[in-house]
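A.B. asks: Following this message is one structure expressed as structure tokens.
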Amino acid sequence: MKEDHVDVLVIGAGASGAAVAWSLAETKMKIVCLEQGEWANPKDYPSAHMDWESKWLNEFSYDPNLRARQTDYPINNMESPIQVANFNGVGGGTILYAGHFPRFHPSDFRVKTLDGVAEDWPIDYQTLEPYYDENDRMMGVSGLKGDPAYPPKPQIMPPVPLGKSGTILANGFNKLGWHWWPSDSTVATEQYDGRDQCINLGACVSGCAQGAKASTDITYWPHAIRAGVELRVRCRVREIIVRKDGMAGGAIYYDGKGLEKKITAEVVVIACNGIGTPRLLLNSKSKLFPDGLANSSGLVGKNLMFHPYSAIFGKFDAETDGARGPGNCIWSQEFYETDPSRGFLRGFTFEASRGTGPALTVARGMTNHRIAWGANHHQSARQAINKITGMVGICEDLPNENNQVILDPHLKDSDGIPAPKLHYALSENSKRMLEFSIARGIEILEAAGGEDIQTVAPIPDGGWHLMGTARMGIDCTKSVVNEWGRCHDVKNLFIVDGSIFVTSAGVNPTRTIQALALYVADTMKHRLTTLFD
Amino acid sequence: MNQLIGSTSPFSEENRNTLRKIAALLIPKSEEFKVPGADDDAVFTHFIKLASGQTNSINKYLEDLNQICRNDHGDSFLKLQNDEQISLLNNSESLLELLLSYVSLAYYQDPRILSTLSLKSSPPFPGGYNVEQGDWSLLDPVKKRDPFYRKV
Ligand SMILES: Cc1cc2nc3c(=O)[nH]c(=O)nc-3n(C[C@H](O)[C@H](O)[C@H](O)COP(=O)(O)OP(=O)(O)OC[C@H]3O[C@@H](n4cnc5c(N)ncnc54)[C@H](O)[C@@H]3O)c2cc1C
Ligand code: SF4
């Protein structure tokens with residue numbers, strides 16, 4: 001049989017896998033990406049169907065255990081108050097993500113120096129800035145220049161509309177004199193790079209049938225494939241092969257029919273996200289690496305960070321947007337930077353969420369006894385549909401070695417590969433930050449005229465952001481990869497997804513994940529002749 | 001055995017009838033709002049489809065409900081008066097928790113119901129919605145603020 005050999009093997013075709021593959025394509029090396037999932041067909045997305053709200057809760061659920069497709073792997077979340085949310089397929093999590101696209105702040109890379117917690121990053125905002133800009137062009141970002149919470153950044157498309165919900169909430173922030181700004185978003189407000197503009201379907205987190213939201217299947221991947229990258233779907237990697245010299249040699253994977261295959265490579269790049277990557281490394285045990293690949297520090301799988309989320313919603317007399325319009329609307333970073341008088345270190349972002357569709361509004365309202373059943377039902381439901389809006393608080397999670405991903409001794413995916421198991425607990429700092437965010441959120445909603453305010457913290461199914469489980473650093477005893485994404489232990493093995501984050505910041509991570517992937521790719525290109533030194 | 005032979009329904013006929021009655025009690029027909037109840041054929045079919053993901057739990061809770069009916073009233077749920085049925089349901093928290101969300105999801109995705117709420121009665125795509133820009137002058141006070149991110 002002909003040997004399947006490539007120069008670069010990328011594993012995972014999500015946010016970071018797409019970016020790294022596209023960037024490396026200009027080297028003209030032979031690049032293959034293996035992805036366990038499939039291409040999405042926008043016709044299948046819930047918003048193209050009448051029962052879009054229940055489809056979103058079932059076959060397009062962001063909980064992989066509920067979605068349970070052949071292309072998903074189960075995750076044991078029993079020992080975590082927050083459950084993992086993801087999507088497995090070309091585009092990865094960007095198929096279902098909301099498209100909120102904040103950058104980190106300069107202070108986020110210096111948490112130890114500034115606040116005496118966690119570790120500083122081995123790189124800084126200035127290092128990533130050109131890659132943020134490049135990624136913004138590739139993904140197409142909508143937003144407004146001049147946000148005083150940030151250093152200046154370019155504007156590519158106009159911001160998403162304020163709408164009814166944004167207007168209500170902006171008034172609340174203004175009454176308190178607190179910061180707010182239109183959110184940076186990957187929802188295209190104009191036609192952009194072959195994408196149509198947003199028509200306010202409001203179903204972004206179940207896939208954008210209009211193709212307005214920048215998922216990487218419609219941004220990076222078409223460019224990468226045109227540039228010569230081969231993307232193979234339904235290929236689930238079981239383990240990375242290790243050569244006798246201790247270098248990565250390729251991977252063993254199962255194709256869509258469950259047949260075992262082997263591919264060899266000069267360089268392996270892992271982009272399987274903060275859960276899939278440690279799972280793969282821990283499953284890649286060998287004589288040379290008995291504790292899992294690249295794990296001499298013992299930190300593979302450790303320091304798992306989510307963003308604990310609070311949710312604060314209220315009812316208004318005025319009409320809100322409900323599900324109409326992109327979920328992205330406005331954000332506030334009034335409480336972003338550390339102020340120790342608040343009782344916690346670091347901070348959080350408020351992101352306004354316009355509202356939900358009629359079915360979900362009533363389902364939630366009835367199950368939490370806010371909407372009556374029986375004789376008064378219709379009156380009560382009419383007082384809630386398109387009358388609710390609010391926000392979520394995205395709290396910075398600090399790394400803690402006890403929060404970790406391990407292999408479940410029993411649970412396996414459909415190919416028999418051991419599944420991940422989480423151990424995760426909220427820190428006291430996170431609990432205080434969540435409480436504080438709820439108190440401030442209530443003040444905002446009250447100032448905006450809201451009543452019957454409901455709060456949740458942490459959002460139990462809100463494990464959307466997966467970070468820290470193979471972190472970067474200069475000291476090989478305290479990190480898994482170096483300052484440009486190369487594993488300390490294996491010099492031709494790179495990691496580019498959210499697992500290399502040192503800290504989580506208080507913002508959604510994908511813009512930074514992709515900027516990091518482009519930065520790692522660029523560093524590789526500059527060092528091609530000395531890559532393994 | 002009360003499972004219908006040859007039926008693909010996950011629920012026996014009796015349980016389907018009970019579920020249909022419960023659906024009508026949870027979301028009743030309304031003359032005032034000119035809407036059918038959740039026992040309407042199309043809504044109920046969708047409800048059963050959604051509920052079939054939890055067949056075992058629902059069948060078990062229905063069995064418990066009927067057991068209570070027989071013990072306390074000497075008859076099955078379907079034979080009781082409306083007010084007795086409502087009071088029993090009020091005490092069946094686990095069953096309600098499951099059914100309320102299925103019933104409302106089925107009901108509020110029906111195009112006829114959405115029309116009565118003056119909402120779009122077709123899928124969001126294509127067509128989408130209009131969302132107004134809003135009053136961007138609301139941002140003026142924030143624009144006046146000095147940059148407040150921490151310099152490092
Ligand atoms: C509902 C939802 C809403 C979100 N909203 C936002 C938001 O508004 N803003 C934001 O910044 N982020 C958001 N996120 C998070 C965002 O999706 C992730 O941060 C981002 O996709 C992570 O990128 P990644 O490259 O690390 O991994 P992913 O995009 O998850 O890609 C990993 C890929 O690797 C594949 N893979 C894993 N293991 C294997 C294997 N063994 N073999 C082959 N392939 C494998 C997976 O199938 C997957 O396609 C959201 C996520 C969800 C689920
Ligand atoms: S609101 Fe816009 S981005 Fe979101 S799904 Fe609809 S068209 Fe797509």
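A.B. asks: Of all residues in segment A:119-146, how many are assigned to a loop (DSSP other than H, G, I, E, B), open to solvent by 30 Å² or more (accessible area, probe 1.4 Å) and away from chain B (no Cβ under 14 Å)? Spell out how you get there, then give the answer.
C.D. replies: From segment A:119-146, those assigned to a loop (DSSP other than H, G, I, E, B) are A:119-124, A:140-141, A:143-146; that's our starting set.
Right, trim to open to solvent by 30 Å² or more (accessible area, probe 1.4 Å) and you get A:119-120, A:122, A:124, A:144-146.
Subsequent filtering for residues that are away from chain B (no Cβ under 14 Å) retains A:119, A:122.
The total comes to 2.
A.B. asks: Oh, and also: Report, ordered by the first and then the second residue, all pairs with beta carbons closer than 6 Å, sequence separation of six or more or different chains, a first member in segment A:36-48 that is within 15 Å of B:Ser122 (Cα to Cα), and a second member that is more than 13 Å from ligand 2 (Cβ to nearest atom) and not in a loop (DSSP other than H, G, I, E, B).
C.D. replies: A:Pro46/A:Lys55
A.B. asks: Given A:Thr455, A:Thr530, which one is open to solvent by 10 Å² or more (accessible area, probe 1.4 Å), closer than 30 Å to A:Met366 by Cα and more than 13 Å from ligand 1 (Cβ to nearest atom)? Before you say what the answer is, go through the steps one by one.
C.D. replies: Details: A:Thr530 fails: closer than 30 Å to A:Met366 by Cα.
The match here is A:Thr455.
A.B. asks: Filter segment A:418-463 for residues that are among the β-branched types (Val, Ile, Thr) and in a strand (DSSP E or B); which is farthest from the chain's Cα centre (by Cα)? Reasoning before the result, please.
C.D. replies: Within segment A:418-463, the first condition is being among the β-branched types (Val, Ile, Thr), and the residues that meet it are A:438, A:442, A:444, A:453, A:455-456, A:459.
Then keep just the ones that are in a strand (DSSP E or B); that gives A:453, A:455-456.
Working: A:Ile453: 28, A:Thr455: 23, A:Val456: 21 Å.
Here the residue is A:Ile453.
A.B. asks: From A:Ala149, A:Ala188, A:Ala212, A:Ala203, grab the single residue that is in contact with a helix residue (DSSP H, G or I) (Cβ under 7 Å, 6 or more places away or on another chain) and either hydrophobic (A, V, I, L, M, F, W, C) or more than 10 Å from chain B (Cβ to nearest Cβ) (or both).
C.D. replies: Values: A:Ala149 fails: in contact with a helix residue (DSSP H, G or I) (Cβ under 7 Å, 6 or more places away or on another chain); A:Ala188 fails: in contact with a helix residue (DSSP H, G or I) (Cβ under 7 Å, 6 or more places away or on another chain); A:Ala212 fails: in contact with a helix residue (DSSP H, G or I) (Cβ under 7 Å, 6 or more places away or on another chain).
On inspection, the qualifying residue turns out to be A:Ala203.
A.B. asks: Identify, from the list A:Gly91, A:Gly14, the residue that is small (Gly, Ala, Ser) and on the phi > 0 side of the Ramachandran plot.
C.D. replies: Working: A:Gly14 fails: on the phi > 0 side of the Ramachandran plot.
Result: A:Gly91 is the single residue among A:Gly91, A:Gly14 that is small (Gly, Ala, Ser) and on the phi > 0 side of the Ramachandran plot.
A.B. asks: Residues that are aromatic (Phe, Trp, Tyr), at least 2 per element: which strands (runs of 3 or more DSSP E) completely within segment A:212-325 meet that? Quick ask: steps written out before the conclusion?
C.D. replies: Numbers: elements: A:230-232, A:236-242, A:248-254, A:260-270, A:309-315.
Once the strands (runs of 3 or more DSSP E) in segment A:212-325 are filtered for at least 2 residues that are aromatic (Phe, Trp, Tyr), what remains is A:248-254, A:309-315.
Residue by residue, here is whether (1) within 16 Å of ligand 2 (Cβ to nearest atom); (2) open to solvent by 10 Å² or more (accessible area, probe 1.4 Å) holds:
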position: A:His5; (1), (2): no, yes
position: A:Ile11; (1), (2): no, no
position: A:Leu34; (1), (2): no, no
position: A:Ala40; (1), (2): yes, yes
position: A:Asp44; (1), (2): yes, yes
position: A:Ser54; (1), (2): no, no
position: A:Phe87; (1), (2): yes, yes
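A.B. asks: If you don't mind, another one. Scanning for something more than 15 Å from A:Val269 (Cα to Cα) and within 28 Å of the chain's Cα centre (by Cα), does segment A:14-26 turn up at least one residue?
C.D. replies: Step one: of segment A:14-26, the residues more than 15 Å from A:Val269 (Cα to Cα) are A:26.
Applying the additional criterion that residues be within 28 Å of the chain's Cα centre (by Cα) yields A:26.
Yes, there is a match, as at least one residue in segment A:14-26 is more than 15 Å from A:Val269 (Cα to Cα) and within 28 Å of the chain's Cα centre (by Cα).
A.B. asks: Enumerate the pairs (first residue in segment A:350-365 and more than 11 Å from every other protein chain (Cβ to nearest Cβ) and in a strand (DSSP E or B); second residue anywhere and open to solvent by 10 Å² or more (accessible area, probe 1.4 Å) and acidic (Asp, Glu)) with beta-carbon separation below 8 Å, excluding pairs fewer than 6 apart on the same chain, so at least 6 apart or on different chains.
C.D. replies: Between residues of segment A:350-365 that are more than 11 Å from every other protein chain (Cβ to nearest Cβ) and in a strand (DSSP E or B) and residues that are open to solvent by 10 Å² or more (accessible area, probe 1.4 Å) and acidic (Asp, Glu), the close pairs are A:Phe350/A:Glu334.
A.B. asks: Could you say which residue among A:Ala170, A:Ala149, A:Ala209 is part of a loop (DSSP other than H, G, I, E, B), buried (at least 20 other Cβ atoms within 10 Å of the Cβ) and away from ligand 2 (no atom under 12 Å from the Cβ)?
C.D. replies: Working: A:Ala170 fails: part of a loop (DSSP other than H, G, I, E, B); A:Ala209 fails: away from ligand 2 (no atom under 12 Å from the Cβ).
From the options A:Ala170, A:Ala149, A:Ala209, the qualifying one is A:Ala149.
A.B. asks: How about segment A:319-349: which of its residues are in contact (Cβ under 8 Å) with a residue 60 or more places away in the chain, open to solvent by 10 Å² or more (accessible area, probe 1.4 Å) and polar (S, T, N, Q)?
C.D. replies: The answer is A:Thr338, and nothing else.
A.B. asks: Here's another thing I want to ask about it. Pull up segment B:20-55, narrow it to residues that are open to solvent by less than 10 Å² (accessible area, probe 1.4 Å) and farther than 30 Å from A:Arg67 by Cβ, then point me to the one that is nearest to the other protein chains (Cβ to nearest Cβ).
C.D. replies: B:Val35
A.B. asks: Follow-up. Name, by its number, the condition in (1) more than 13 Å from chain B (Cβ to nearest Cβ); (2) surrounded by fewer than 22 Cβ atoms within 10 Å (Cβ to Cβ); (3) touching a residue at least 60 places away in the same chain (Cβ under 8 Å); (4) over 24 Å from the mean Cα position of the chain (by Cα) that does not hold for A:Gly314.
C.D. replies: Just one mismatch for A:Gly314, condition (2).
A.B. asks: Any idea which of (1) surrounded by 24 or more Cβ atoms within 10 Å (Cβ to Cβ); (2) within 14 Å of chain B (Cβ to nearest Cβ) is the one A:Met50 doesn't satisfy?
C.D. replies: Single failed check for A:Met50: (1).
A.B. asks: B:Ser118 fails exactly one of the following numbered conditions: (1) facing chain A (nearest Cβ under 9 Å); (2) in a loop (DSSP other than H, G, I, E, B); (3) open to solvent by 50 Å² or more (accessible area, probe 1.4 Å). What is the number of that condition?
C.D. replies: With respect to (1) facing chain A (nearest Cβ under 9 Å); (2) in a loop (DSSP other than H, G, I, E, B); (3) open to solvent by 50 Å² or more (accessible area, probe 1.4 Å), B:Ser118 is out only on (1).
A.B. asks: Considering each residue of segment A:212-234, count those that are open to solvent by 20 Å² or more (accessible area, probe 1.4 Å) and either within 15 Å of ligand 2 (Cβ to nearest atom) or aromatic (Phe, Trp, Tyr) (or both), and give that number.
C.D. replies: Here is the first cut: in segment A:212-234, the ones open to solvent by 20 Å² or more (accessible area, probe 1.4 Å) are A:218, A:222-223, A:225-228, A:230-234.
This time we only want the ones that are either within 15 Å of ligand 2 (Cβ to nearest atom) or aromatic (Phe, Trp, Tyr) (or both), so: A:218.
Within segment A:212-234, residues that are open to solvent by 20 Å² or more (accessible area, probe 1.4 Å) and either within 15 Å of ligand 2 (Cβ to nearest atom) or aromatic (Phe, Trp, Tyr) (or both) number 1.
A.B. asks: Which of the residues belonging to segment B:137-152 are at the interface with another protein chain (Cβ under 7 Å from one of its Cβ atoms) and part of a helix (DSSP H, G or I)?
C.D. replies: Those that are at the interface with another protein chain (Cβ under 7 Å from one of its Cβ atoms) and part of a helix (DSSP H, G or I): B:Leu138, B:Pro141, B:Val142, B:Lys143.
A.B. asks: For A:Pro158, work out the one condition from (1) in contact with a Leu (Cβ under 9 Å, 6 or more places away or on another chain); (2) farther than 30 Å from A:Ala318 by Cα; (3) surrounded by fewer than 18 Cβ atoms within 10 Å (Cβ to Cβ) it doesn't fulfil.
C.D. replies: In the conditions (1) in contact with a Leu (Cβ under 9 Å, 6 or more places away or on another chain); (2) farther than 30 Å from A:Ala318 by Cα; (3) surrounded by fewer than 18 Cβ atoms within 10 Å (Cβ to Cβ), A:Pro158 misses (2) alone.
A.B. asks: Here is a follow-up. Please specify each residue of segment A:13-32 satisfying the condition of being of a type outside the set (A, V, I, L, M, F, W, C) and either within 16 Å of ligand 2 (Cβ to nearest atom) or crowded, with 24+ Cβ neighbours inside 10 Å (or both). Working first, answer last.
C.D. replies: Restricting attention to segment A:13-32, the residues satisfying the condition of being of a type outside the set (A, V, I, L, M, F, W, C) are A:14, A:16-17, A:23, A:26-28, A:30.
A:Gly14, A:Ser16, A:Gly17, A:Ser23 - these are the residues of segment A:13-32 that are of a type outside the set (A, V, I, L, M, F, W, C) and either within 16 Å of ligand 2 (Cβ to nearest atom) or crowded, with 24+ Cβ neighbours inside 10 Å (or both).
Residue-by-condition table, conditions (1) away from ligand 1 (no atom under 15 Å from the Cβ); (2) in contact with a Cys (Cβ under 9 Å, 6 or more places away or on another chain):
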site	(1), (2)
A:Arg103	no, no
A:Phe109	yes, no
A:Leu114	yes, no
A:Trp121	yes, no
A:Thr127	yes, no
A:Gly146	yes, no
A:Tyr150	yes, no
A:Pro161	yes, yes
A:Asp193	yes, no
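A.B. asks: Does segment A:89-110 include one or more residues that are free of Cβ contacts under 8 Å to residues at least 12 places away in the same chain, over 19 Å from A:Cys208 (Cβ atoms) and open to solvent by 10 Å² or more (accessible area, probe 1.4 Å)? It would help to see each step written out before you state the result.
C.D. replies: Kept after step one, since they are free of Cβ contacts under 8 Å to residues at least 12 places away in the same chain, are these residues of segment A:89-110: none.
No, segment A:89-110 contains no residue that is free of Cβ contacts under 8 Å to residues at least 12 places away in the same chain, over 19 Å from A:Cys208 (Cβ atoms) and open to solvent by 10 Å² or more (accessible area, probe 1.4 Å).
The values are calculated or read from the model by the stated rules, or taken from the named source; none is laboratory data. Everything numeric here is computed off the predicted structure, so don't read it as measured data. So basically every Cβ, Gly included, is an ideal-geometry build from the backbone, and we count neighbours across all protein chains shown. Side chains included, ligands, DNA and RNA excluded: accessible areas come from the protein's heavy atoms. Shrake-Rupley method; radii C 1.70, N 1.55, O 1.52, S 1.80 Å.
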